[in-house]
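Written below as structure tokens is the structure these notes are about.
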Amino acid sequence: MRDRETLRPMRGHLQRFEDRVRAKDWPAAHEEHLQFHLSIIKALRLPALELPIEPLQELIIVSSIPPEPESGEQWGIGSHDPIVEALESGDPEAARVAVRDHFRYAESPPYRDYGQTLFRDARSALGDHLDAGPALPI
């Protein structure tokens, strides 16, 4: 995974995703989030995964909206860097550990109750949140 030309788009999409989250430009943030994930799949040379990821993007978006959407930290700003660095190093075990660590956020206190929302109820929960406060990023 040391092919810099293959990895370069990944860093660019990640930076633009984080910039768009900070700017609360949600449509652009979601597009860069999708492109970041696609760039990982392309860098890993897994073309069979490129086809299903785009239709699954809505699931990814709905399931990745944090309990406090206005929190940049909960959007994972900075949390993807160890994954990219591990891919750049060419160390598969480091990449596995980085991905596992990345998803440990789901065990954190803000996500405990939030994570118990059934997927089928996600849109209603989002609607309730919209009624209660600032607009959500979808």
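Rule-based calculations on the coordinates, nothing more; no lab input. All values derive from a computational prediction rather than experimental measurement. Note: ideal-geometry Cβ built from the backbone for every residue, glycine included; neighbour counts use all protein chains shown.
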**Request:** Counting other Cβ atoms within 10 Å, keep those with at most 11, restrict to DSSP loop, and tell me which GluC sites (Glu not before Pro) in the range 1-52 are left.
**Result:** none
**Request:** For the range 20-34, take each phi angle, set θ = phi - 60°, evaluate the Karplus expression 6.51 cos²θ - 1.76 cosθ + 1.60, and give the result in whole Hz per residue in order, putting x for glycine and proline.
**Result:** 5, 5, 4, 7, 6, 8, 5, x, 5, 4, 5, 5, 5, 4, 4
